[in-house]
Amino acid sequence: MNHTILSMTSSILLACHLMIGSTTANATEIKERLANGLEVSAEFSQGQRDKPAALILHGFLQTQNNATVSNLGNALATEGLSVLAPTLSLGISQRRQSLSCETPHPHHFDADVAEVEFWVNWLLQRGVKSIILIGHSTGNVQLLAYANQYPHQEIKKFIAISLIEFAREFGGKQNILQFRQAQKQVKQGDTRLNDYNLSYCNKYIAPADAYLSYASWDGNRILAGIRALKLPIVIIAGEADDRMRNGWINKLKALPVKISTVKGANHFFSDIHEFDLHDRVIKAIAE
Amino acid sequence: MFEFIRQPGLRLSITAYFVIVLGIGLLLFVALGLVVSDKGRQLNGEIIRMQRNATEQELNTALKLATDELEHTKNFLLNWDEVKQQLANPNYYDYWRDNRLKSSAQISKTVSGIELYSIGKERLQKTPKDSLPARFDETLLGLRAVNLGGTMLLQYGLAIKSEGHDDVLGYVVIQALLFPALQHSGALQTLTPDMISYSLPEAKIISIDALHTYQHVVMTDIPAAAGLSNLISRTLRDFLGIAALLAALILYLVIYVYVRPLRSMSVYIDDLRQGKIGATASARLAGIQVKEIVKTRQSLQAYHQQLVESTAVVQQSETRLRTILDNVPDGVLSVDVTGTILSCNPAAGKLLAMPQNELIGMKLADLVKPLDGQDGEAVAIRKDGSRFPAETTCSAMHDEMQAQIVILRDITERKNAEDKLIQLANYDPLTGLPNRTLLRDRLMHSIHYARHHKRLVGLIFMDLDRFKNVNDTLGHQYGDALLKLIGERLSSILRESDTVARMGGDEFMIIVEDVHQQDQIAETATRILQAVATPVQLGEKNVLVSTSLGITVYPTDGTDPDRLIKNADTAMYRAKELGRNNYQYFTEEMNTAAMERLEMEQELRSALQNNEFLLYFQPRIAMQSNTLTGVEALLRWQHPHKGLILPGRFISILEDTALIVPVGEWVLRSACQQLRSWLDNGGPKIKMAVNISARQFQDQELVNMLRNILNETGVPPELIEIEITESLLMDNLQTTIQVLQEFHRIGVLVSVDDFGTGYSSLSYLLQFPLDNIKIDQSFIARIPDDPSACTITKAVIALGKSMQLKVTAEGIETTAQADFVRAEGCDEGQGFLFARPMPATQLQLQFFKTPN
């Protein structure tokens, strides 16, 4: 990975927290600068030292302010876990807002994975011995790729919430055509912006190579990634999640992994299902 | 020419008024013109001043809003992640600028251009198409105004930094065309571009705060307002000259065209009023050709003609009205407020039997006396003092005398008809006594009186005994005469305060009022019994009647009329039961008995259908041979709850309700069927005696019924013995003889029951086709101790023998009684000594020889 992980700055407040070993669940905003000059941020709660740290990653084009992510983070912090919830930069310094589909997206999947590695190292540098990776939606794909690519022994478990494939309706004729077209453009060195179907975006504006970096993570590749994973993995899915299409949940169930489904829950585990989600995650961490 | 100005009765003539009004009008107009002229000048200056102030205020407001919008856009761009993304990666700047930037709702419409500049202050857009600078320089920082070749611009430049750091990522410049920006702000209402001038030198860059010192509102005088006063002054002068000329002309016209003819018109109207049409004034008017005057004259003439015609119509109408008034049958009188008669029609005179002229001047109150409480009804008095009922209707005439019209109508016939109706509704037409309705009213009244004065009221229900016999034997004519006579007798013996009423048929009711002690009622009842018992001469016959009385007393026996009447009826019924010709006070027990009787009556009605009746048979024994000669069929009622009931308890109810007819038929048929059954089964040929009641004798179908039953059952008639009572024989001789003769023809035997208790006339007895007499058990019971009973028994047996009739002794209970009658030659005996009444099967077992 070309990103050398350097922690340039860190909050004085955070240092105080670490030294005192506070057990309160007060979250602090961490700002760091990557080697490429981009500034990234994360929410961090220092938990009890004898408990693992959770790294929670948001979904596609979202931030750590996503309700599912931030609420889960608060719940785990209350349980005494250290919680780190980074916001992927997606090529933007100090990104604070979720990005719209229509804005140019030159960012790459690999850069996202590298940022995960940056934050894992950030935790390790602070003496964390046990890390649980928790992803939401397509954030799981980056974590899956990461866990296979960077096998740290401190990473103990992977909990995938609402795990879905990147390539929306992959296998559809139109998607296959746009995928092949993009491959052709990359070969020709064409860096122009194009419209694509990707994840929930009907008009995802990106150069072909950036698009392919995400779109290549289709269902089969994810399933292969899960099979190859050396970590214990627990998948938590909402039964009413309308993004789990084309029998995706059945394909996941066919894997030798534990799948926990929540009746009535949607993709974001809204409303009362939020508590079901928290219970399931806490239980999965404890097991 | 001003000879008309002073007119008699007028202070000033029309002409003078006209001159004065015209003069005042001209003065007011001149004053108004001067005031308006001065105000016009003041207004002009004020408008310009206010307009300039308002416009400058408006301009400043618009400028503030436009700069606020630029500020808003600046803040948005600073915080928009995508701006930073483009500065970091300008490869896709054109796409971003053309799509995302333009479509952002956060960009104000005031903005006419946005440009991003790299850290090196180079413009990101490669091919500029706007007036934005190619490089970012320090003068662009902050908000400023620029005069660029005559086009006023607002520009806002700033550095975009990484959040929380001083590192500059790039720069942005936002630009707005000044005047369109002011318009976009929405604050400009009246300002147009040509009303603003700028004193800003070309290409000069100034701070936005100083902009207002370079812009000016251009305001000029309003030409219309400035010229207003001059115009008014000139117009005023011209108008005054013309007005003077016109005034003189109008004055001439008014005098010669209108005032003079008006005077002639006045004279003309006076002529018309005096009936002098066509006099001098008319001639003068004819020469005037002023349209309005001509029209007025024509209208006046038409009005005069109409008036003449109307008068004729009114006269005709009055004649018609007079004719109507003279011929209506009702008296019509007009009276003044004091009630004095002013006029009247002939009918009034006729009604009051007085000439019309005599009536006028008299007081109406002396002739017509209103009846208190009778609306419109009065008594009118004729000249001779006789009176008649009248109806009066008054209505006001609404004239200055406040006179009233009084219509007087003779209602003698109507009153007579009403009285007749009241009589019919409340009185019995036969006796002239109050009927049930009036009785009820009077009783109610008596009760109220008694309640108030703590007195008693006696109510006597009276029913003549055996009145039906009178009707049946002598005819209804005599029956009615009897009722009428009884009514008169009752009226004669009662106090005036008491009421006697006929309730219908032979029923009367007497209210004894104002009673202090109950004895008073009993005295009245006794008097009634005596009065009725006095023999009555009806035609050639002397008739003896009696009556039964039931008495109820208020408040002891009831407090409302209906209850009192009902209880009196019950008491009367009791008096009947106790042998008639007496009175009975009502008691609660009577009510109970009546209720029981009513209940039994209802049960009896269903008893026949429910097969609750059955027959017992009491043997009759030949006194000499001591063998069975016959049986008497006796009715029993097997009540579902009360058990076996003897006839003494219910026969009278059957008779009263006429149920005796179907029950009697059932008895006869059942007895015949039983006899047939015995005969068919080898039983002895014995007689079957069946009792027939008086009520059955009145049934015209009795004979046919007997004949049919005999045919149905095939029983030999000679084995059937019909038992009738002695009293029945005597009650209705003619009918009885006919029926008995029919029986005789059929072949059945006839027996007289209870012989010795009635008052049979021997001569009548000889006329009846009889076969058997039965000595009443009351005589047998006293044998042998009572010599008179023994004598009567002997006599009866001897009589039977002499008349060649069989004799049966009833109620034999002892051997001595049996021996006695046997010794006297009595043929048959019946009684407990031989056998009690028993069911058919028991009789068979006890008296019939078994086949073996």
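The values are calculated or read from the model by the stated rules, or taken from the named source; none is laboratory data. Worth saying up front: this structure is predicted, and the values here are computed from it rather than measured. Cβ placement follows ideal geometry from the backbone for every residue including glycine, while neighbour counts extend to all protein chains displayed. For accessibility, only protein heavy atoms count, side chains too; no ligands or nucleic acids. Shrake-Rupley method; radii C 1.70, N 1.55, O 1.52, S 1.80 Å.
Brief remarks follow.
- Qualifying trypsin sites (Lys or Arg not before Pro) in the stretch B:378-459, where qualification requires a DSSP coil assignment and no more than 10 other C-beta atoms within 10 Å, comprise B:K454.
- Degrees between helix B:518-533 axis and first principal axis of chain B (Cα, 0 to 90, nearest 10): 60
- Label positions at B:Q734 and B:Q477, each projected 7 Å from the Cα along the C-beta direction, are separated by 1.4 nm.
- Cα→Cβ-extended label distance, 7 Å offset, between B:I269 and B:L141, nm: 10.2
- Probe 1.4 Å, accessible area per residue of chain A, Å²: 42
- Stretch gain in nm, segment A:S98-A:A35, where the contour uses 0.36 nm per residue and the Cα spacing is subtracted: 20.4 nm
- Modelled FRET efficiency - R0 25 Å, B:T412 with B:Q316, Cβ distances, 0.05 increments: 0.10
- Flagged links, alpha-carbon separation over 19 Å, of A:K230/A:K283; A:K51/A:K283; B:K363/B:K415; B:K566/B:K642; B:K363/B:K383: A:K230/A:K283; B:K363/B:K415; B:K566/B:K642
- Taking 0.36 nm per residue of sequence separation and removing the Cα-Cα distance, the B:H639/B:H516 pair yields an extension gain of 39.5 nm.
- Accessible surface of B:L148 - all protein chains present, 1.4 Å probe, nearest 10 Å²: 80
- Helix B:476-493 and the longest principal axis of the Cα set of chain B meet at an angle near 80°.
- For the stretch B:96-129, accessible area lost to neighbouring protein chains reaches 30 Å² or more, against the chain alone with a 1.4 Å probe, at B:R100.
- Accessible carbon and sulfur surface of chain B relative to its total accessible area, %, 1.4 Å: 55
- Accessible area (Å², 1.4 Å probe, nearest 10) - B:K806: 110
- Listing of the stretch A:174-195 residues, each with accessible area lower by at least 40 Å² in the full protein assembly than in the chain alone (probe 1.4 Å): A:L193
- Each label was represented as a point 7 Å from its Cα along the Cα-to-Cβ direction; for B:N91 and B:D399 these points are 12.3 nm apart.
- Within-9-Å neighbourhood charge of B:E726 [Cβ basis; K, R +1; D, E -1]: -3
- Summarising the strand pairing of the protein assembly as shown, around 70 percent of its internal DSSP beta bridges are antiparallel.
- Label point at A:L255 placed 7 Å out along Cα→Cβ; residues across the stretch A:141-159 whose backbone nitrogen lies under 13 Å: A:141-148, A:158-159
- When the other protein chains are added to the chain by itself, burial of at least 40 square angstrom of heavy-atom accessible area (probe 1.4 Å, ligands and nucleic acids ignored) affects these residues of the stretch B:144-174: B:E163, B:H165.
- The contact between chain B and chain A removes approximately 1600 Å² from the accessible area (both sides summed; 1.4 Å probe; ligands, DNA and RNA excluded).
- Sites B:S788 and B:A816, calculated FRET efficiency, Cβ-Cβ separation with R0 25 Å, nearest 0.05: 0.90
- Ranked from largest to smallest solvent-accessible area, with a 1.4 Å probe on the protein heavy atoms, B:C394, A:C101 come out as B:C394, A:C101.
- Of the residues B:S266, B:S162, the one with the largest accessible area comes first in the ranking B:S266, B:S162, computed with a 1.4 Å probe on protein heavy atoms.
- Cross-link pairs beyond the 22 Å C-alpha cut-off, checked among B:K468/B:K576; B:K685/B:K806; B:K84/B:K126; B:K74/B:K102: none
- Probe 1.4 Å, all protein chains present, accessible-area order of B:Y95, B:Y258, largest first: B:Y258, B:Y95
- Per-q log10 I(q)/I(0), the stretch B:430-586, q = 0.11, 0.17, 0.18 Å⁻¹ (Debye; single scatterer per alpha-carbon; no solvent): -0.39, -0.91, -1.02
- Semi-axes of the equivalent ellipsoid of the stretch A:183-287 are 33, 18, 12 Å, computed as sqrt(5λ) over the eigenvalues of the C-alpha gyration tensor in descending order.
- Surface calculation, 1.4 Å probe, protein heavy atoms: B:H212 sits at approximately 100 Å² accessible.
- Residues A:N121 and A:T78, FRET efficiency given R0 of 30 Å [Cβ-Cβ distance, rounded to 0.05]: 0.70
- Estimated at 0.36 nm per residue, the fully extended path between B:K109 and B:N357 surpasses their Cα-Cα distance by 78.3 nm.
- Whole-percent carbon and sulfur share, accessible surface of chain A, 1.4 Å: 51
- Per residue solvent-accessible surface (Å²) - chain B, probe of 1.4 Å: 54
- Inter-chain shielding of A:35-41 (mean C-beta neighbours from other protein chains, 10 Å cut-off): 2
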